[in-house]
Amino acid sequence: MNPPAEMPVGTAPPPMVAEHKLLRLIDSGSGGDVWLAQNALGTYRAVKFVFRKSFPWAKPYEDEFQGLLKFEPLSREHDGLMDVLQVGGNPGSDYFYYVMELADDAQSGQTINPDFYQPRTLAYDLTQRRRLPIGECVRLGAPIASALGFLHQHGLIHRDVKPANIIFVNGFPKLVDAGLVTEMYQTRSRVGTEGYIAPEGPGTARADIYALGKVLYEISTGKDRIEYPALPAEMGGPAAARDLIQFNKIVLKACRTNPRLRYRDTGEMMNDLLSFQFCQRRPFEDKILPAYFSWIALLGGLVAGGAIIFLLWRMVSELLHHL
Amino acid sequence: MTWPADDFIPTRYSLLSRLQNWDDHESWRDFFNTYWRLIYSFALKSGLTDSEAQDAVQETIISVARNIQKFKRDPTLGSFKGWLRNLARWRIADQLRQRTNVAGRPMDMAETDATEPDPAELPDSAAAEAIWENEWRVNLMKVALASVKSMVREEHYQMFDLYVIQQWPASRVARTMEVSVGQVYLAKYRVLALIKKAVSTLETSEIQIA
């Protein structure tokens, strides 16, 4: 394999990846380096390298590898998770890597030009559009909530839900960054991103729900998560404002400071999102006043009214009888 | 020991005391969250670009870290507010000087490392002081507001924000949020009371700098 032509200053040459040709470094951060790659069939992939030197000691590095091993088979069982296709290296070496499906290109979608490729993430979309219509927020939030729920059901926590970790594959939103996925209640040295971290700290399903709530806040209001819970001054017409306020109720319930007041699980959150999407039903409202409540109230009113008329009639007739 | 009467804007003295321990990461984080916007806004209004202002914030915080151990709360030496202003001004002057060096003459590293640059290179003193004073007050309100956000129910803050900060009519807030006008007034009252309390707490914090 030839060394890549474009090598950023300060970045070590990439290690070998079986049956893949590394083309270009597309992201580099504290979590590791991500390369654009091509497999033997010519399919473009993303390869993430995690280096031992990025960790202060061996334990979190080994934990990250173990988390990845648990995540890898699950990732391909849910459409809302980025598929991890191959894992290489081992925690005893200087690095390990994993091969993932590639996100759409920010400009050209599924047409990939390796020289200009830029992954389409939700963070990128926000820089271009600032704010998404509520219908789109719901369509994006539901599969991500579902993906989180799938992780939680398998005893895993994502720990770093944020717009940069939501990518689009064939236009469908998926959750990425398996690096922070860990078993519930396990401690980690890397603990997510400021503003998305729940007040009680990361590491629980409800902390993931909090982070997702902050993402939904950002995409629905166009405001930075730091401004939460302020609403935008410009809400559009009456219908758009009504949608925003109803969607805002879902956001607020996901982001309550007290974790016990948040959604119990992602299933409950999904219910509200899907209710909103398909029924245009107001979240929470029908839980307080079920549909049959109005019929019961009407029936009760008729019975009470009839009883009052009957009593009045009795009183009047008795009065007339005495006279 | 009391603080000088003209130093209206509070300084979080207990926080400053804790900052003398470099390993107290939480206090340093608290300090950064409290003061970075103030320094950043001051830098922008002193003529720096966004990236230069960000550098000035970083350098000012580093200067605080280097000098906080020496900082003694003594009215004759000046207030924390004045001390921080001077540090910020010097670091802003560094940025302006670097801009000049990049544009023409070679950079003198010894000069850029100086703690106190030539006063002639600093932004106009009276104007800078007025900007700093204004930014200090604005920052105080922002810090108080940020602390109150986490203390009230989110819906109440949203009503307060729309009604008081964004200045919507109460009836419009009520209609949009699907509540009564009375609830809007109540939210305003509750949040304002907490903000006043937060400001008061900041202003009267105990001085614990040894």
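Counting only residues at least eight positions apart within a chain, or on another chain, the lysines with an alpha carbon under 18 Å from that of B:LYS45 are B:LYS81, B:LYS142.
Shielding by partners for B:158-165, please: the mean number of other protein chain Cβ atoms within 10 Å of each residue's Cβ.
Neighbouring Cβ atoms belonging to other protein chains average 3 per residue here.
Nearest 500 deg cm²/dmol is fine: what mean residue ellipticity at 222 nm does chain A get from its DSSP H runs of n ≥ 4 alone, each adding -39,500 (n - 2.57), divided by its residue count? Can you show the working numbers first?
On the way: 8 runs with 123 residues, N = 323.
Estimated from H runs of four or more residues: -12500 deg cm²/dmol.
Spacing of the modelled spin labels on B:ALA193 and A:LEU69, each 7 Å from Cα toward Cβ, amounts to 5.8 nm.
Using the Cβ of A:TYR196 as centre and a radius below 9 Å, the other residues enclosed give a net charge of +1, where K and R count +1 and D and E count -1. Mean per-residue shielding of peptide B:146-155 is 3, counting Cβ atoms of other chains within 10 Å of each Cβ. Near the amide H of A:LEU85, within less than 5 Å, lie the amide hydrogens of A:VAL99, A:MET100, A:GLU101, all on another chain or at least 5 residues away, with H placed in the peptide plane. The modelled label-to-label distance between A:GLN128 and A:LEU302, using points 7 Å beyond Cα along the C-beta direction, is 5.7 nm. Under the classification rounded if a/c is under 1.5, otherwise prolate if a/b is larger than b/c and oblate if not, where does chain A fall, given a ≥ b ≥ c as square roots of the Cα gyration tensor eigenvalues? The shape class here is prolate. As a length-normalised measure over Cα pairs under 8 Å and 6 or more apart, the relative contact order of the stretch A:93-164 settles at 24 percent. Taking Cα atoms only, the orientation of helix A:293-322 departs from the longest principal axis of chain A by about 10 degrees. I want the local charge near A:ASP83. Using Cβ-Cβ distances under 12 Å, sum +1 for each Lys or Arg and -1 for each Asp or Glu among the other residues. Net charge in that neighbourhood comes out at -1.
For A:ALA58 and B:ALA127, the FRET efficiency from 1/(1 + (r/R0)^6), where r spans their Cβ atoms and R0 equals 45 Å, is about 0.25. Model label sites at B:ASP24 and B:ASN67, defined 7 Å from Cα along the beta-carbon direction, differ in position by 2.0 nm.
Tell me, B:ARG175, A:ARG129 in order of fewest to most beta-carbon neighbours within 10 Å?
Details: B:ARG175 16, A:ARG129 12.
Exposure proxy ranking, most exposed first: A:ARG129, B:ARG175.
Counting every other Cβ atom within 10 Å of each residue's Cβ, A:LEU85, A:LEU298, A:LEU273 order from fewest to most as A:LEU298, A:LEU85, A:LEU273.
Restriction of the GluC sites (Glu not before Pro) in the stretch A:35-124 to DSSP coil positions whose beta-carbon has at most 12 other beta-carbons within 10 angstrom yields A:GLU77.
Averaging the sequence gap over all C-alpha pairs within less than 8 Å and six or more residues apart, then dividing by the number of residues, gives the stretch B:152-210 a relative contact order of 33 percent.
What shape does the stretch B:152-210 take by its C-alpha gyration tensor, where a ≥ b ≥ c are the square roots of the eigenvalues and a/c under 1.5 counts as rounded, a/b above b/c as prolate, and the rest as oblate? Kindly include the intermediate steps, with their values, before the conclusion.
Details: a/c = 3.78, a/b = 3.34, b/c = 1.13.
Because a/c hits 1.5 or more and a/b exceeds b/c, the stretch B:152-210 counts as prolate.
Structure note, pairs A:LYS174/A:LYS249; A:LYS162/B:LYS188; A:LYS223/B:LYS196; A:LYS162/B:LYS196: Cα-Cα distances above 30 angstrom occur for A:LYS162/B:LYS188; A:LYS162/B:LYS196. Annotation for the stretch A:101-139 versus the stretch A:32-64: alpha-carbon center distance of 22 Å.
Mind sorting B:GLU52, A:GLU136, A:GLU19 by how few other Cβ atoms lie within 10 Å of their own Cβ, fewest first?
Working: B:GLU52 19, A:GLU136 14, A:GLU19 11.
Final ranking by Cβ density, sparse to dense: A:GLU19, A:GLU136, B:GLU52.
Applying the Karplus relation 6.51 cos²θ - 1.76 cosθ + 1.60 with θ = phi - 60° to the stretch A:110-115 yields 3J(HN,Hα) values of 7, 8, 9, 10, x, 5 Hz, where x marks Gly and Pro.
FYI, it's all coordinate maths here, none of it is from the lab. All values reported here derive from a predicted model rather than from experimental measurement. No Cβ is skipped: glycine too gets one built from the backbone with ideal geometry, and neighbour counts run over all protein chains shown.
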